[in-house]
There are 4 protein chains.
Amino acid sequence: MFTKFWNLDREKQDRIVNAAMKEFSQKGYDLASTNQIVKEAGISKGLLFHYFQNKKQLYLFLFDYGYDRIVEEFYQKIDLTQMDFFKRTREAVMIKMELLTVYPDIFKFMEEALLEDSAEIKVELEKKKKEFIEINMEKFFEGVDYSKFREDVDLKIVLKIITFTLEKLSDEALFKAKLSPTHEFDYEKIRMEAEDYFDVLMKGFYKQ
Amino acid sequence: MFTKFWNLDREKQDRIVNAAMKEFSQKGYDLASTNQIVKEAGISKGLLFHYFQNKKQLYLFLFDYGYDRIVEEFYQKIDLTQMDFFKRTREAVMIKMELLTVYPDIFKFMEEALLEDSAEIKVELEKKKKEFIEINMEKFFEGVDYSKFREDVDLKIVLKIITFTLEKLSDEALFKAKLSPTHEFDYEKIRMEAEDYFDVLMKGFYKQ
Amino acid sequence: MFTKFWNLDREKQDRIVNAAMKEFSQKGYDLASTNQIVKEAGISKGLLFHYFQNKKQLYLFLFDYGYDRIVEEFYQKIDLTQMDFFKRTREAVMIKMELLTVYPDIFKFMEEALLEDSAEIKVELEKKKKEFIEINMEKFFEGVDYSKFREDVDLKIVLKIITFTLEKLSDEALFKAKLSPTHEFDYEKIRMEAEDYFDVLMKGFYKQ
Amino acid sequence: MFTKFWNLDREKQDRIVNAAMKEFSQKGYDLASTNQIVKEAGISKGLLFHYFQNKKQLYLFLFDYGYDRIVEEFYQKIDLTQMDFFKRTREAVMIKMELLTVYPDIFKFMEEALLEDSAEIKVELEKKKKEFIEINMEKFFEGVDYSKFREDVDLKIVLKIITFTLEKLSDEALFKAKLSPTHEFDYEKIRMEAEDYFDVLMKGFYKQ
DNA sequence: AATGAATGAGCATTCATTCAT
DNA sequence: AATGAATGAATGCTCATTCAT
């Protein structure tokens, strides 16, 4: 599958992936136009369907492609020997923001994909998202030292609260960037905000 | 504005509102079809535009309509003399779930509207959402006794963490219902889950 | 016919006529909107059709109305005792321009009506136009002293050439005004241009 | 631009051009229906827009197309070595009528286009018309011997009067054909009428 | 491998006119 | 007399996908 695509020279692959990711993250799955993608990529109409069969397959391919590019690099960078929960999480936030700067388009596509809700790709995408989240939760938290957490509360719930909080913070940051005229992140501000949250969460849920 | 619509008999109003809310929440603003709405409502093409001028005005009307129906009823039910933060919040969750059962379509529409991101209605809808959230945050938390919260952490951040957590819980519940074959909520389970979270949050952020 | 309309108070008649003439001359018959007319006139949808039956009858009524208002006043002003062809014609041009200033909307409507070419009103309007032109050619040229014209050319053709020339001049003036940002006539310039043409035509076709 | 269209086989090109010209000259720009055009041309909805992007581009294309077909042939036929003004003009009238018989639809379209006044194409079409007229006035009158004209009148005005007269004659002929049941020209009658006018104009404005 | 012509259902919106009140 | 709710055909244009070359 997609072997035809992988046999292309790298430059053409990139042109197609970039054009498609750009279009999908700008307009969402349903409103994205394959016409616009081929125009931007400089290839013919038929070729896109030659490689990817249809719009849906193209989208799902892009999701996997983005996953491979970003998640792999994330795990190359993250220090999984750091056992302290908050230290590891804090580093993850920093790496995430770094990747966001290096691969803004891929990252943007992945973020949007996690929010995507089109009926046409619902079933398949939901499955991928679920795997994505489950696998990474497990992998990311492997070996973490939970002994520092209070013992009078349900640890699973505490971890959920922390995850929820970081996700919402990240959503808010993305959303603010979207609304701003330049679409730019203020990384320093976000990091400082995250620090404040880490501080409160640690006070609330670590042993004192 | 919309006086033409309000002069209709109630039954017809309902048919139109229900058809439109259903279509919009199923497909999102951009993909929703006015054709489908009029077919479902059993009215003619021209009539919809006679009442609402265009698709955008219709959508914004529905938002206000939903707001009026649901939010007003919420404040009739909630006991704002209850000063304890968690007790009041817990009651709010229960009322929300009750309203969700009574007005599932309106509720669903409002939930989707808060996530809606179409370019065509962006500016106006964003303004409404912002007002919606600001007014209700202030109103809902009025008079709450914050003296029970720990004093060694930033209260604003604590409140945000709690809000984030409840929102994510609610999203998850909605999402699970969506995926289930019957689209039904298991209220009792959700309430119990919420109780567990309240317990953890109180332990973490109330004075001991 | 139209007795219902004539029984209205004058102010309402004017509102309707003005609104309709404005809409028709701005957009032409086909594109003119009866919706726009009733909105501008401040009357209800049904009322317009109560008075005029349909769009076509309304248009034909307006043509007659404009004719009556403008042509009658034209003949009150023109000095039909002036027997010299060019003097009478020159005065006609001046009166036409004067009326254009006093009743710009009616005049504009009549000018546009003479150019109107919609299939829906073609037959009836063409008949009216033909009558309009025939009757007025006859009436306007009545008693003119043609003895000053050269006798070695066909007088009918000479008169046609002169009429053609004046019509085209008038069209050009209207057209230039339309293209200018302010839509204003430069009366003095038009009069002087007309004088130059009169001079040439007299030299060519009067006895020397 | 329009290379897609030019790559079609000639028969299909003709079907499309003929259908479009017919529709536009019958109903004018605004009321012409692209639906009707594709139906008449026997092509699909999307294809028309595949070639021409939108209605406006289609119209402007047709204008250029008509210009190229008709004006080029006109200059192949006209004898520009004939220096006498009236002889050259007389030949032009004859050629115009000949072309009108050979390409009645193109000719009709061009005539209507010169009168077209739709807001949507105003700017672009006005520019084309202006170029059309300027270039052709210059080219057509090049080398003409004006020494036979009277010297006591303004030559520019005389030429305008002659042009006006011929245009109005032509309009009248077209108009009469339009009103007749068979829509046919009586060429011989028109030529004879034109001769009468030429005779009067020469007597009036040539040296005696 | 690569092209791009071809399809026709679908979209939001406007229109003149009718008719029950 | 006067209202305005109601109709549904028609508008220009876009879309993902196919297929002969």
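The values are calculated or read from the model by the stated rules, or taken from the named source; none is laboratory data. All values derive from a computational prediction rather than experimental measurement. With ideal geometry, Cβ positions are generated from the backbone for all residues, glycine too; neighbour counts draw on all protein chains shown. These area figures cover heavy atoms from the full protein model, side chains too; ligands, DNA and RNA do not enter into them. Shrake-Rupley method; radii C 1.70, N 1.55, O 1.52, S 1.80 Å.
A simple charge model with +1 on the Cβ of Lys and Arg, -1 on the Cβ of Asp and Glu and nothing else charged puts the dipole of the range B:56-205 at about 120 debye relative to its Cα centre. Counting only Cβ charges, +1 for Lys and Arg and -1 for Asp and Glu, the dipole size of the protein assembly as shown around its Cα centre is about 820 debye. Dipole of the protein assembly as shown computed with +1 at Lys/Arg Cβ and -1 at Asp/Glu Cβ about the Cα centre; of A:49, A:6, C:8, farthest Cα towards the positive end is A:49.
Between copies, the label points at residue C:148 (set 7 angstrom from Cα along Cα-to-Cβ) are spaced 3.0, 10.8, 11.2 nm, reported in nanometres from shortest to longest. Each residue of the range C:105-121 is assigned a 3J(HN,Hα), and the resulting list reads 6, 4, 4, 4, 4, 5, 4, 5, 4, 5, 9, 4, 9, 5, 4, 5, 10 Hz, derived from the Karplus form 6.51 cos²θ - 1.76 cosθ + 1.60 (θ = phi - 60°), x at Gly and Pro.
With a 1.4 Å probe and every protein chain kept in, tell me what percent of the accessible surface of the range C:146-207 is carbon plus sulfur. Ligands and nucleic acids excluded, carbon and sulfur reach 59 percent.
Helix-only arithmetic for chain A: the sum of -39500 (n - 2.57) across DSSP H runs with n ≥ 4, divided by the residue total, places the mean residue ellipticity at 222 nm at -25500 deg cm²/dmol. With its label point put 7 Å out from Cα toward Cβ, residue D:130 sits 3.8, 4.5, 6.7 nm from the same residue's point in the other copies, in order from shortest.
For residue B:206, nonlocal amide neighbours, meaning residues 5 or more places apart or on other chains whose placed amide H falls under 5 Å from its own, are B:150. The relative contact order of chain A, computed from alpha carbon pairs under 8 Å that lie at least 6 residues apart in sequence, is 20 percent. Roughly how many Å is it from the Cα centre of the range C:1-36 to that of the range D:112-155, as a whole number? One Cα centre to the other: 38 Å.
On the basis of the beta-carbon distance and an R0 of 51 Å, residue A:54 and residue D:134 show a calculated FRET efficiency of 0.45. Which FRET efficiency value, to the nearest 0.05, is calculated for residue C:195 and residue B:123 with the Förster distance at 51 angstrom and r the Cβ-Cβ distance? Once rounded, the FRET efficiency stands at 0.30. Buried surface for the B/A pair, taken as the accessible area of each chain alone minus that of the pair with a 1.4 Å probe, is close to 2700 Å² in total.
Residue by residue, the range A:81-90 carries 3J(HN,Hα) couplings of 8, 6, 8, 5, 3, 6, 5, 5, 4, 4 Hz when phi is fed to the Karplus relation 6.51 cos²θ - 1.76 cosθ + 1.60 (θ = phi - 60°); x denotes Gly or Pro. Based on C-alpha pairs under 8 angstrom that are at least 6 apart in sequence, the range C:146-207 has a relative contact order of 56 percent.
The listed residues C:127, C:45, once ranked by accessible area (1.4 Å probe) with the largest placed first, stand as C:127, C:45. Every other copy gets compared here: list the nm distances from the residue B:206 label point (7 Å along Cα to Cβ) to its counterparts, shortest first, one decimal. Label point to label point, same position, other copies: 2.5, 11.1, 11.5 nm. Projecting the alpha carbon convex hull of the range A:134-197 along each direction and taking the average yields 5.7 nm². Decide, for chain C, between rounded, prolate and oblate: order the square roots of the alpha carbon gyration tensor eigenvalues as a ≥ b ≥ c, take rounded if a/c falls under 1.5, and otherwise choose prolate if a/b is larger than b/c, else oblate. Cα axes put chain C in the prolate bin. Shape of the protein assembly as shown from the C-alpha gyration tensor: prolate (a/c of 1.5 or more and a/b above b/c, with a ≥ b ≥ c the square roots of its eigenvalues).
Rounded to the nearest 10 degrees, the inclination of helix D:187-205 to the longest alpha-carbon principal axis of chain D is 40 degrees. As a rough guide to protection, the peptides D:33-39, D:156-162 ranked by mean Cβ packing within 10 Å, highest first, stand as D:156-162, D:33-39. Here residue A:101 sits with roughly 80 square angstrom of accessible surface, probe radius 1.4 Å.
Across peptide B:149-156, the mean count of Cβ atoms from other chains lying within 10 Å of each residue's own Cβ comes to 3. Placing +1 on each Lys and Arg Cβ and -1 on each Asp and Glu Cβ, with no other charges, gives the range C:146-207 a dipole about its Cα centre of roughly 220 debye. Taking the axis that rotates chain D onto chain C, the chain D residue nearest to it by Cβ, with the distance rounded to whole Å, is D:204, 2. Across the range A:163-171, coupling constants 3J(HN,Hα) worked out from phi with the 6.51/-1.76/1.60 Karplus curve, θ = phi - 60°, read 4, 3, 4, 5, 5, 5, 4, 5, 4 Hz, and Gly and Pro carry x.
Diagonalising the gyration tensor over the Cα atoms of the range B:91-208 and scaling each eigenvalue by 5 before taking the square root yields semi-axes of 27, 21, 12 Å, largest first. With loop membership from DSSP and a limit of 13 other Cβ atoms within 10 Å, the longest segment of chain B without GluC sites (Glu not before Pro) is B:1-119. Between the residues B:205, B:70, B:136, the greatest Cα displacement towards the positive end of the dipole of chain B, with unit charges on the Cβ of Lys, Arg, Asp and Glu, is found for B:70. The local environment of residue C:36, defined by Cβ-Cβ distances under 13 Å, has a net charge of +3 under the rule Lys, Arg +1 and Asp, Glu -1.
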